[in-house]
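Only one structure is covered here, and it is reproduced in the block below.
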Amino acid sequence: MIFHDYYAEIPAGDVERFVAAQDMGRLVTVGEAGPHIGLYPFAYGPERIEIHLVRTDEQVVDLRARPRCVFEVDEVHGVIPSYWVDPENAIMATAYHRTVIFDCVADVSEDVAVLAEQQARLLGRYQPQGGFRPVTPDDPMYKGALHHLVAVRLTVERTRVKFKLAQNRTPEARRRIIAELRKRGRPNDARAADALEWTLVERSPAAPGTGHPRPEPGSRTPLQQSPAAPGTGHPRSEPGSRTPLQ
């Protein structure tokens, strides 16, 4: 993927809010026979991401042998026809999306106490309203399940951002595309139009020349310790209701 500055230089706060609003992310690992990919709920905080996997998962095997990996979150907004931009030039057809890629190094733990603490953080994010018995390593209700899992902590070494939202077009051209999206009315078109409108709002600059926004002091919340049950089947939170978790 190419990271042109006009797509990549996104203010840190906007990147934080985008990542925190995503329900799931993709883990990409490399095995002896090639890459593997999985889609998982996650907890997100300063320079780290947390997920849990089944101990026998092929990605656990990969991470033990090759801890370098990628974690990715995205939001696909859809495609537009070329004639919305130019009446003749077919290469003007394009797709819009928001993507954040984290280059990471993984630490894998089978320690059930570590797993129980991680479950508290995951459920603190996905089920903050409670409605479960707190996880402890010795609780018979959770003990068996915890012994089938590993806690995976991903230390983030580099963050790459691409919000491809027609920033290479003039404001007037973007407004025309927004109008066409709202008129077309496919399921994702309203969200795509809102995303393009976001580019028309003046924002503070990102870190220069890196494609990695400069973090603002205090832009992330401290890790929240909440009692939780093992993290499966989480209900979706209301949009904008989440904060990043350490």
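Taking every residue in segment 84-108 that is part of a strand (DSSP E or B) and pairing it with any residue that is buried (at least 16 other Cβ atoms within 10 Å of the Cβ) and of a type in the set (S, T, N, Q), at least 6 positions away or on another chain, the pairs with Cβ-Cβ distances below 7 Å are VAL100/THR159; PHE102/THR159.
Under the condition of being within 19 Å of the chain's Cα centre (by Cα) and of a type in the set (Gly, Ala, Ser), which residue from segment 121-152 is farthest from ALA20 (Cα to Cα)? Only one residue tops the list, namely ALA151. For segment 113-121, indicate whether the set of residues that are in a loop (DSSP other than H, G, I, E, B) and either at pLDDT 95 or above or aromatic (Phe, Trp, Tyr) (or both) is non-empty. For segment 113-121, residues in a loop (DSSP other than H, G, I, E, B) and either at pLDDT 95 or above or aromatic (Phe, Trp, Tyr) (or both): absent. Taking (1) modelled with pLDDT of 95 or more; (2) of a type in the set (Phe, Trp, Tyr); (3) within 22 Å of ARG158 (Cβ to Cβ) in turn, TYR44 satisfies each apart from (1). For segment 122-175, the candidate set comprises residues that are outside any strand (DSSP E or B) and among the polar types (S, T, N, Q); within that set, the residue that is nearest to SER109 (Cα to Cα) is THR136.
To keep it simple, each residue is scored yes or no on (1) of a type outside the set (A, V, I, L, M); (2) at pLDDT below 95; (3) surrounded by fewer than 16 Cβ atoms within 10 Å (Cβ to Cβ); (4) over 16 Å from ARG158 (Cβ atoms).
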site	(1), (2), (3), (4)
PRO11	yes, yes, no, yes
ARG17	yes, yes, yes, yes
VAL28	no, no, no, no
PRO35	yes, no, yes, yes
ILE51	no, no, no, yes
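Residues in segment 57-104 that are β-branched (Val, Ile, Thr), loosely packed, with under 15 Cβ neighbours inside 10 Å and in contact with a strand residue (DSSP E or B) (Cβ under 6 Å, 6 or more places away or on another chain): VAL76, VAL79. Selection of first residues in segment 19-34 that are part of a strand (DSSP E or B) and of second residues that are at pLDDT 95 or above and of a type in the set (Val, Ile, Thr), restricted to Cβ pairs under 6 Å at least 6 apart or on distinct chains, gives the following pairs, ordered by first then second residue: GLY25/VAL73; ARG26/ILE37; VAL28/ILE37; VAL28/VAL70.
The values are calculated or read from the model by the stated rules, or taken from the named source; none is laboratory data. Since we're looking at a predicted model, the values are computed, not measured. We place every Cβ from the backbone using ideal geometry, glycine too, and count neighbours over all the protein chains shown.
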